[in-house]
Amino acid sequence: MPEMRKDRAENAKEKKASFGTDIDLHQYQLLSDDKADTLDLDALTQADREKIIQSGVDLDEQKRAATFLQADHRIVHSAVKQPGLEVLPMAQALEEYSWLEDFYWQAVPVDADKYTAQAELHFQNGYFIRALKGQTVTTPIQACLYMKHENTAQNVHNLIIAEEGSELNIITGCATAPTLQSGIHIGISEFYVKRGAKLTFTMIHDWAEEVMVRPRSGIVVEEDGLFISNYVSLKPVRSLQMYPTTRLTGPGAVARFHSILVAPPGCELDTGARVVLEAPKTRAEIISRTITTGGGIKARGHLRGLK
């Protein structure tokens, strides 16, 4: 299975996205996996901490069920404070749980475009979050993907599972170091909301003016499940392009997407969401609140009901 994914990714590595600005990935450097160059929370500067907290992540870990922090390709911190909850670096989760192959790259095709291909061919971790069956985790879990080095590519893959009857509340912040101006963030996120589960996912982004951002997300919601996405981008970013696709596969499944976007001059936001209603009594809403002060905004929406 991994070899087949690699082949598909290799074939797609020059494939353009079907919408938005294309990017030359070769202009960004890939940092090597130098285990001697690790970080911990104590090594973060005050400027780093202030930047991270602006994206909604409290490194004091007060009133948080778990914390995950990755800087560039390195895991800085991963800790869980509540039973019935797992938060692991993605590479560790794949090593420990062979059954994750049934979820990994299943909600997002590895060969969708050259950005998904890059995330597979140059994998740089990400996070795995799971609420066990029947567990209610209303105290927020926080995760931060931080970029510290100039003109680098950060390629992460995140996988979130809310098992049957569970409840998850996740706050994820993406941010760049105060001195960083340019780079690209490619983030693959796959969400699985099992029967009767609820997952609230709030994203707060604080990028730099010349950063390119290419999230690729897929969501699967089963019977009576609820997925809520809140996306906030108020700061300058050169180009953001995202179009998450949700499949409501069981009766009574619900998806809600809420976005608050501001586009300053020189900023291009190409956003939206797509929901496929595959079962009876499924519901969805896509709501965008957008302001431009000189930048460009596209807010797409697609609701498709199947017979």
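Summarising the amide proton neighbourhood of LYS198: residues at separation of 5 or more, or on other chains, whose placed amide H is nearer than 5 Å comprise SER166, GLU167, LEU168, LEU226. Each residue of the stretch 251-264 was assigned a 3J(HN,Hα) from its phi angle through the Karplus expression (A = 6.51, B = -1.76, C = 1.60, θ = phi - 60°), giving x, x, 6, 9, 10, 9, 10, 10, 10, 10, 10, 10, 10, x Hz with x at Gly and Pro.
Taking R0 as 41 Å, what's the FRET efficiency between LYS281 and ASP102 from their Cβ-Cβ distance, rounded to 0.05? Let's see the in-between values first.
On the way: r = 26 Å, r/R0 = 0.65.
For LYS281 and ASP102, the calculated efficiency is 0.95.
First check a/c for the stretch 43-163, with a ≥ b ≥ c the square roots of the eigenvalues of its C-alpha gyration tensor; if it is under 1.5, answer rounded, and if not, answer prolate when a/b is larger than b/c or oblate otherwise. It is oblate, given that a/c is not under 1.5 and a/b is not larger than b/c. On the protein heavy atoms, probe 1.4 angstrom, tell me the percent of accessible surface of the stretch 113-209 carried by carbon and sulfur. The C+S portion of the solvent-accessible surface of the stretch 113-209 is 45 percent.
Taking amide H as placed 1.01 Å from N in the peptide plane, ILE286 has its amide H under 5 Å from the amide H of PHE257, each at least 5 places away in sequence or on another chain. In this structure, the pairs whose alpha-carbon distance is over 23 Å, taken from LYS81/LYS148; LYS16/LYS235; LYS198/LYS281; LYS6/LYS114; LYS81/LYS198; LYS133/LYS198, are LYS81/LYS148; LYS16/LYS235. Checking (1) 0.94; (2) 0.99; (3) 0.97 against the coordinates, the calculated Rg/Rh (Cα atoms, Kirkwood Rh) falls under label (1).
With a cut-off of 13 Å on the backbone N, the residues of the stretch 242-275 near the modelled label site 7 Å out from THR292 along Cα-Cβ are 262-271.
Comparing mean-square fluctuations of SER189, SER166, SER32 from a GNM of the chain with C-alpha springs under 10 Å, the top value falls on SER32.
Taking amide H as placed 1.01 Å from N in the peptide plane, the amide H of SER189 sits under 5 Å from that of ASN158, ARG216, SER217, GLY218, each at least 5 places away or on another chain.
Pairs of alpha-carbon atoms within less than 8 angstrom and 6+ residues apart define the contacts here; what relative contact order does the chain have, in percent?
Numbers: 857 pairs, mean separation 41.8, N = 307.
Relative contact order, the chain: 14 percent.
Per-residue surface analysis assigns GLU14 an accessible area of about 120 Å², computed on protein heavy atoms at 1.4 Å probe radius.
Give the accessible surface of the chain per residue, rounded to a whole number of Å², with probe radius 1.4 Å and ligands, DNA and RNA excluded.
43
The values are calculated or read from the model by the stated rules, or taken from the named source; none is laboratory data. Source: prediction; values computed, not measured. Ideal geometry is used to build each Cβ from the backbone, glycine not excepted, and the neighbour counts take in all protein chains shown. Keep in mind that these areas ignore ligands, DNA and RNA; they rest on the heavy atoms of the full protein, side chains included. Shrake-Rupley method; radii C 1.70, N 1.55, O 1.52, S 1.80 Å.
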